[in-house]
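Q: Next up is a structure, given as structure tokens.
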Amino acid sequence: AGDLVLTTDDSVITGDALRFYAGMAHVTGHPVRIESGKDWVEARSATVNTMTKVATLHGVRQIFFMMKGGLEAMVGVNGLDKKPADPNAETPVTLTCRGPVYVDQNLGSFFARDCVVVRSGDSRIDTDRLELTFDPVTSKLAGARAAGRVFLRTPDTAASGDRLVYDVATATVSL
């Protein structure tokens with residue numbers, strides 16, 4: 001990223017240029033990088049509505065975040081020893097997509113579209129659209145929905161469908 005560095009209470013944003021207009025902050029770069037704790041995102045540009053805290057990321061290269069149990073906990077497998085994954089272990093997850101990503105911190109929503117690929121360990125979900133819901137205060141994942149062409153791959157499982165729903169409270173996946 002470039003020479004621009006913005007620091008907030010919980011994030012660091014680096015890029016090449018910053019423009020403010022009509023309550024919007026628009027950062028561009030090669031790439032723009034946003035870091036918050038262990039999580040980060042790299043994109044071509046990011047626009048944040050400073051009033052609503054809704055962010056739109058364009059040209060997403062990669063999103064990296066820690067998720068309790070990762071995808072393996074969602075589907076109940078661990079490819080190495082075939083035992084259920086520890087649902088409380090912090091596991092790295094990466095996400096890529098071709099389309100924009102929308103994040104609304106107030107509502108606890110995250111939406112990505114166009115060739116979305118989510119990877120964690122030996123597991124992977126490929127889909128047209130992905131929506132994550134999370135607790136706006138704690139940022140804990142509450143649920144996930146994938147729609148369009150959905151492919152789920154783990155070391156022991158390959159499945160496909162038009163929709164995948166993951167309910168964190170019941171630890172169930174429907175495909």
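The values are calculated or read from the model by the stated rules, or taken from the named source; none is laboratory data. Nothing here was measured: the structure is a model prediction, and the numbers come from that model. All Cβ positions, glycine included, derive from the backbone under ideal geometry; neighbour counts span all protein chains shown. SASA here: full protein model, heavy atoms, side chains in, ligands and nucleic acids out. Shrake-Rupley method; radii C 1.70, N 1.55, O 1.52, S 1.80 Å.
Q: Do you know which residues across segment 121-142 are modelled with pLDDT of 85 or more and among the small types (Gly, Ala, Ser)?
A: The one that is modelled with pLDDT of 85 or more and among the small types (Gly, Ala, Ser): Ser123.
Q: Of all residues in segment 29-47, which are open to solvent by 50 Å² or more (accessible area, probe 1.4 Å) and of a type outside the set (Phe, Trp, Tyr)?
A: Correct list: His30, Arg33, Glu35, Gly37, Lys38, Asp39, Arg44.
Q: State whether one or more residues within segment 150-163 are under 16 Å from Asp39 (Cβ atoms), open to solvent by 70 Å² or more (accessible area, probe 1.4 Å), in a strand (DSSP E or B) and modelled with pLDDT of 90 or more.
A: Within segment 150-163, not a single residue is under 16 Å from Asp39 (Cβ atoms), open to solvent by 70 Å² or more (accessible area, probe 1.4 Å), in a strand (DSSP E or B) and modelled with pLDDT of 90 or more.
Q: Which of the residues that make up segment 117-158 are without any contact (Cβ under 8 Å) to a residue 24 or more places away in the chain and among the charged types (D, E, K, R)?
A: Answer for segment 117-158, where residues must be without any contact (Cβ under 8 Å) to a residue 24 or more places away in the chain and among the charged types (D, E, K, R): Asp128, Arg129, Glu131, Arg145, Arg149.
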